[in-house]
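For reference, the structure is listed below as C-alpha cells.
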Amino acid sequence: MDFKVLGANLGLEESEFIELVELFVSTAKQDLQKLTTAYQSRDFEAVAESAHSLKGSSGNLGFMELSALSKKAEDKGKVNDLSGFAEIIDSMSQQIGKIKECLEQSI
Amino acid sequence: MKIADQSLQILIVDDNPLNLKLLETTLSKDGYKVLSAGNGPVAREMAVAEKPDLILLDIKMPGEDGFQVIRQLKKNLATTAIPVIFLTGVSDMDTKLQGFELGAVDYIIKPFHPREVLARVRLHLKLSIATNSLIASQANKLKQITEAQTSMLVTPEMYPRAQFGVYYSALNEAGGDFYEVRQISDDIFGYFVADFSGHDIKTSFLTVSIKALLQQNSAPVYQAHESMQMINDVLVEILPEGKYLTACYARLNRKTKQMTIVNAGHPPGIFVPSEGSATRIDMKGDILGIFKEVYFGSHTIDVNPGDRFYLYSDGLIESSEEKIVWSAGSNKLVAACEDAKSFPIQEAPKEIVRKLFNENVSIHDDIVLLGIEV
C-alpha cells in the first residue's frame, strides 16, 4: 500500500492524501462499529447502509480490497442473507487495521 | 488597492466528512473557493447567503435528502439559477432522471475520481457563465473598460504576490507593446505580453480592450489556451483590417507548481530554473486577431520556487543599432537572463536591458520585458 502512489492517482500530494486517510480511518472505524451492531441485531437495512458508506469512502481513496468487501456486505444486507457475515466483518477489520498500520508508518 | 478576485465559489454538500474533505482539497487546489455543508438545511442557508457559482450535492443524506434540497433551491428565486450537480452512489435510471427533472445539470457516480469532478465542474461553470450571466457580463464590459483606462499598466507594488518585475519603454505615448498581470485566484496568476502590428492612437485604444478581454476571460475555469482562444474570437470581430497582435500568456499556479505558457506568434519565453541553465521555450502559434480557426502552442512546465520566466517583445532582441538578427539577439538575451539571477526579480528586467543595450545606443522600437518569479 503506497500512499504516495494512491495519492498521485487522485492528483494529490502525499501529505494531502495522508490527511484524508487519517479522517478515513476514524470514520471507517465508526462505520464498522455500526455495521457490527446492525449485523448483531439482524437489522438488514442498517447493514446495507453502513456497508454502502464504507464502500464509497474506501473506493474513493483507492482501498479496493476493503471496498470490494464492503460491497459484498452491502449486497448481503440487501437480500437479507447474513450467512458467513462474521468472516466478512473480520476481513474488513483486518483491512482497516492494515491501512492504519501503513498510516502510522507514514506519519 | 483592492485586487479583483475572480475565484469561483463552489458549495459541497455531503454527510460523509471524508467525501467533503476530498472534494474540498481537490477543488481548492484548482483555484476554487470551497464552502462545505454536512446536511441539507445548512446547505440551503449557505446557498442563499453566499450565492455560490455551483453546488455539488449528495443525494443520499440522513434527514433532508438531496432531492428535497434541490427542490427547495429551485423554488427560491435567490438560488434557482445556481447549477447543481448531484453525487450518487446509485446509477439506476430513475434516480438520474428524478435529479434532472428537479433541475440538476449533471450527476457524478460515487466512488468518483477527483479529476472527473474537476472536469464536470469546469464544464458546467463554463456553460453557466456563457448562458446565465451573458447579459450581466455585457453590461459590465463598459464599466470594466472605463476602470481599465484609469490604470493601464500594473506595477509590481499593486500585486506583491504576483512576484514580477518589468521594464517598459514606449517610443511614444501610444505604445504598441502591452503587458498585464492578473490575479486569477489566491495562488493563480496570469501574465500577458503583447505587441500590436502598428503604433498609433488606435492601437493604444485597443490595448484597453485587450485588458478588458483578459479580465473577462481569465477565470480559473479557463485553461490558458482557452482564454487566448476566446480573446482571439472577439479580436477577429473588433480589430480593423490588417491589424493584429502577437502575444504570450503565462498562467502560473503556485499551489500545483505548474506554469502553462501559450504562444500566439510571439518571441519565445525564457525559462530560468533556479538550478540549471536558462532555455528558450520554443513553440509555434498563430497570431491573434486575424483568423477564426487558430492554433496556439501551449506548454506546461513543473516549476519550483525561485524559478524565473521572462516574457518580452521583439524590440528587445531586434532593435539595437548593431542590427542584430533575431537568433543572435535571442541567444544574447538567454545569457543575460541567466546572468541576472543574482538580482531580485523586481530589478532583474532593468538589469537585463542594461546588459543588452549600451546606454548610449538609442532604442528604435517599443520594449517590454516582464520577469516572473515562482
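Taking Cβ atoms as reference points and 15 Å as the exclusive limit, the residues near B:Leu311 contribute a net charge of -4, counting Lys and Arg as +1 and Asp and Glu as -1. Computed over neighbours whose Cβ is under 13 Å from that of B:Phe271, the net charge equals -3, Lys and Arg +1, Asp and Glu -1. The convex hull around the C-alpha trace of segment B:180-318, projected and averaged over every direction, spans 8.4 square nanometres. When the pairs A:Lys29/A:Lys72; B:Lys33/B:Lys110; A:Lys4/A:Lys71 are compared against a 20 Å limit on Cα-Cα distance, B:Lys33/B:Lys110; A:Lys4/A:Lys71 fall above it.
Largest GNM mean-square fluctuation among B:Ser209, B:Ser277, B:Ser128, using chain B with Cα springs under 10 Å: B:Ser277. Taking 22 Å as the straight-line reach from the Cα of B:Lys355, the lysines in range (excluding those fewer than 8 positions away in the same chain) are B:Lys323, B:Lys332, B:Lys341. With the Cα gyration tensor of segment B:1-68 giving a ≥ b ≥ c as the square roots of its eigenvalues, does the rule (a/c under 1.5 for rounded; else a/b larger than b/c for prolate; else oblate) give rounded, prolate or oblate? Note, shape of segment B:1-68 comes out oblate.
When the dipole is taken about the Cα centre of chain A, and only Lys, Arg (+1) and Asp, Glu (-1) are charged at their Cβ, what size is it in debye, to the nearest 20?
Details: 11 positive and 18 negative charges, 68 e Å.
Using Cβ point charges on Lys, Arg, Asp and Glu, chain A gives about 320 debye.
The long axis of helix B:224-238 is offset from the longest Cα principal axis of chain B by roughly 70 degrees. So for segment A:3-106, taking the charge dipole from beta-carbon charges (+1 Lys/Arg, -1 Asp/Glu), which of A:Phe17, A:Leu82, A:Gly59 sits furthest toward the positive end? It is A:Leu82.
Here's the list of lysines a cross-link from A:Lys76 could span, going by alpha-carbon distance under 16 Å and ignoring same-chain residues fewer than 8 apart: A:Lys34, A:Lys55. Global size of the protein assembly as shown: 27.2, 92 Å for Rg and Dmax (C-alpha atoms, Rg to one decimal, Dmax whole).
Roughly what would the spin-label model give for A:Gln105 and B:Arg71, points 7 Å off Cα along C-beta, in nm? The answer from the label model is 5.1 nm.
Under 20 °C and 1.002 mPa s, how fast does segment A:3-106 diffuse according to Stokes-Einstein, given a Kirkwood radius computed over C-alpha pairs? Answer in µm²/s, whole number. Result for D is 156 µm²/s. Set Lys and Arg Cβ to +1 and Asp and Glu Cβ to -1, take the dipole of the protein assembly as shown about its Cα centre, and tell me which of B:Pro268, B:Gly66, B:Leu127 lies farthest positive. Comparing the listed Cα positions along the dipole, B:Gly66 ranks first.
Take chain A, connect every pair of alpha-carbon atoms lying under 10 Å apart with a spring to form a Gaussian network, then pick out the residue of A:Leu61, A:Leu82, A:Leu23 with the largest mean-square fluctuation. Answer for the Gaussian network model of chain A: A:Leu23. A simple spin-label model places the labels of A:Asp2 and A:Lys78 3.4 nm from each other, with each point 7 Å out along Cα-to-Cβ.
Among A:Ser91, A:Ser41, A:Ser50, the largest mean-square fluctuation in a Gaussian network model of chain A, built with springs joining Cα atoms closer than 10 Å, belongs to A:Ser41. By the rule of a C-alpha distance below 14 Å, with chain neighbours fewer than 8 residues away ignored, the aspartates and glutamates paired with B:Lys96 are B:Asp58, B:Asp106.
Sorting B:Ile317, B:Ile55, B:Ile290 from the fewest to the most surrounding beta carbons within 10 angstrom yields B:Ile290, B:Ile317, B:Ile55.
Between B:Met93 and A:Lys71, the simple label model (points 7 Å from Cα in the Cβ direction) yields a spacing of 2.3 nm.
Could you work out the helix-only [θ] at 222 nm for chain B, with each DSSP H run of four or more residues adding -39,500 (n - 2.57) and the total divided by the number of residues, to the nearest 500 deg cm²/dmol?
Calculated mean residue ellipticity at 222 nm is -11500 deg cm²/dmol.
How big is the Kirkwood radius of segment B:9-132, worked out from every pair of different alpha carbons and given in Å to one decimal? Evaluated over segment B:9-132, this radius sits at 14.1 Å.
When both bridge partners sit in the protein assembly as shown, DSSP labels roughly 75% of those beta bridges antiparallel.
All C-alpha pair distances within chain B, sorted into 20 Å bins from zero, spread as 27, 49, 21, 3 percent across the bins. Each residue in A:Asp43, B:Asp15 was given a count of other beta-carbon atoms within 10 angstrom of its own, and listing them fewest first yields A:Asp43, B:Asp15. Near B:Gln72, once Lys and Arg are set to +1 and Asp and Glu to -1 for all other residues with Cβ below 10 Å from its Cβ, the sum equals +3.
Readers should treat all values here as calculations from the given coordinates under stated rules, not as data from a laboratory. Model, not experiment: these values are computed from the prediction. Don't worry about glycine lacking a Cβ; one is built from the backbone with ideal geometry, like all the others, and counts go over all protein chains shown.
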